[in-house]
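Heads up, the thing below is written out as structure tokens.
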């Protein structure tokens with residue numbers, strides 16, 4: 001048999017060790033790769049391990065309602081229905097008065113004040129009924145407006161309401177007094193008595209009128225009134 005040298009045996013051992021080390025390294029590399037690979041996303045959904053984004057993120061935020069300032073010109077008539085009472089015999093200056101619009105106010109085809117908008121004001125003057133001279137009167141003015149959650153100062157024309165005249169009734173009362181006096185005077189003293197009686201009767205009739213007050217001016221809830229703006233009024237109107 002051929003004798004193998006020690007150097008040859010030593011080289012073979014080194015070669016076997018190097019081969020084993022290479023195989024071990026290759027095995028470790030394969031294991032690490034398998035552990036860290038991330039699966040690719042499929043065509044039907046997000047990749048595994050990632051949170052899906054909410055659909056709302058791609059939708060623009062709702063800007064909310066849009067408003068625009070609109071000016072109602074001076075001279076515009078505001079048709080109203082009273083929601084409180086005023087009267088020449090019970091109201092006092094500075095007493096509150098309220099009303100509401102009976103129809104919408106429109107500018108360029110758009111409603112800028114809705115029916116039902118509330119107006120508030122106060123009594124400005126009161127005169128009770130007098131005897132013979134002076135008719136009952138009550139006056140008031142609206143100074144503010146409220147619609148929705150908005151409040152505006154308003155400049156409007158004053159409203160004055162006068163009690164009906166009673167001249168016809170007064171004349172009738174005076175005539176009855178004169179006629180009654182003439183009858184009584186005629187019974188007592190002929191023609192002269194009738195003339196004197198008429199004068200006395202007329203005086204008596206006038207006394208009845210002087211002692212009787214005229215009608216009072218009263219307006220209750222639901223009474224239709226109207227006023228006009230004496231200055232432009234700018235209001236906020238929703239347009240979208």
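Every number in this text was worked out from the coordinates using simple rules, so none of it is lab data. Because the structure is a prediction, the values reported are computed rather than measured. Heads up, the Cβs are rebuilt from the backbone with ideal geometry, glycines too, and the neighbour counts pull from every protein chain shown.
Results, tabulated for the structure shown:
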{"read-out": "Hits in segment 104-119 (condition: under 15 Å from residue 226 (Cβ atoms) and part of a strand (DSSP E or B))", "value": "105, 113, 119"}
{"read-out": "Pair list, Cβ under 6 Å, 6 or more apart: segment 120-131 residue closer than 11 Å to residue 93 by Cα, other residue in a loop (DSSP other than H, G, I, E, B)", "value": "122/94; 123/91; 123/93; 123/95; 124/158; 126/88; 126/91"}
